[in-house]
Each structure stands twice: as C-alpha cells, then as structure tokens.
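The structure under discussion appears below in the form of structure tokens.
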Amino acid sequence: MDALQIDLNLRTIDAGSQGPGRNQIMHKIFLDLLECPGCHGSLTWKWLEVHGERIEEAEGHCTGCGTNYPVREGIGIKTMTTLLGLSNIENPGLLLHELRRIISGSLLAIVHFFPEDDEANAAAIRATSDPSFHFQHSALEQFVAAGWQVELANVCKGQARPTPSSSLLPGLQIDGLPVAETVLEWVLLAAH
C-alpha cells in the first residue's frame, strides 16, 4: 500500500515536470525520507528556491553532526569520484568551479602527474590539450582558484614508457602519452 501511494505521488510530480531530466529533480516529498549519511541524524532544510513541489536551491543541515548538504539546480551531491577524467576535459577550471558549486562534500580523484621539468612530454601535452591537470603545481592552483582545499594521499611513483605502436594497425597507439620515458606520480587527490 505505501509503495503504491509513493509511486502515485511520483507520477503526479513527474507529470508536472518541465524539460528533459526534470523528473529527477529533488522534490519536497523526498525530504522526509532523507537522513545524514554520516551520523544518520535528522536534516533540517532552508528553502532558497522552490517551484511548487520541486526544490531548485536549498540547504540541508544535519542536527546531529552539523554537516551541510546543498541542493543546486535540484541536485544534491555529497561526494563525487573520478578516475583520470579531469585532464581530458576542455576548460577544466570552469568545471572545477561548477563542481565546487554543486558538491557539498568531497571530490576524490585518482590522478597522475608528469614531472614539472619533463619538457618532452609537456610539449606533446600542450600540442593536444590543456596542460593544467597533467602537472601537480598547475592542477593544485586550479583547485585552489575554484575554492577547494586539496590533500594528496597515497603518493607513489612509477616509470612510464611511451606506448608502443600497434602491430595490427601500423602507427596506432592506445594513448599518445607519454611520448618520452618519464616517472609519473600517482596520487589520490581529495578536494573538500
């Protein structure tokens, strides 16, 4: 009976949604079901922008541990993880600002950095993409400029050789980097 009632309520809300993906937006009906994922405490809410039952902007606050949970454009995100994706994105600085806006907790990423003095690979990187996230110093500057506090953990180094060309398709490489032998630094980047 309860499942049917919830399902009917969801259909009613979905029918009133506007635009693609709008039925996945945070709705008031869901708030009673939420609790703090950290301490399982109750959440109190401050409404910043609401359209009917649809929450566009809000701030959730845990009465137990004090953690805040923002909702931006109808989406609430506590932690986001990624694996090597940041260096492949055009204008990564803009993305970091947007992620800072919508993530209330942490961004965790496993990344590798080229040595700052690695000119051969730096030239190849500059020729094909934005070098910001390939080198530790510039990557950390981008995070700080976007309002993040960054920690690096589980640092390890490993030798990296150029990717060999394909024996099946002459000249084809899986990844063009590195173009010259180098030592990559692998880290867990935790941004808060």
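All of the numbers you see were taken from the coordinates with simple rules; none came from a lab. Keep in mind that what you see is a predicted model, and the values were worked out from it rather than measured. Cβ placement follows ideal geometry from the backbone for every residue including glycine, while neighbour counts extend to all protein chains displayed.
Can you give me the distance in nm between label points at residue 56 and residue 154, each placed 7 Å from the Cα along the Cα-to-Cβ direction?
It is 4.0 nm.
Determine by what factor the alpha-carbon radius of gyration of the range 94-192 differs from 2.2 N^0.38 Å, reporting the quotient. Let's see the in-between values first.
Values: Rg = 15.4 Å, N = 99, 2.2 N^0.38 = 12.6 Å.
Rg over 2.2 N^0.38 Å, computed on Cα atoms: 1.22.
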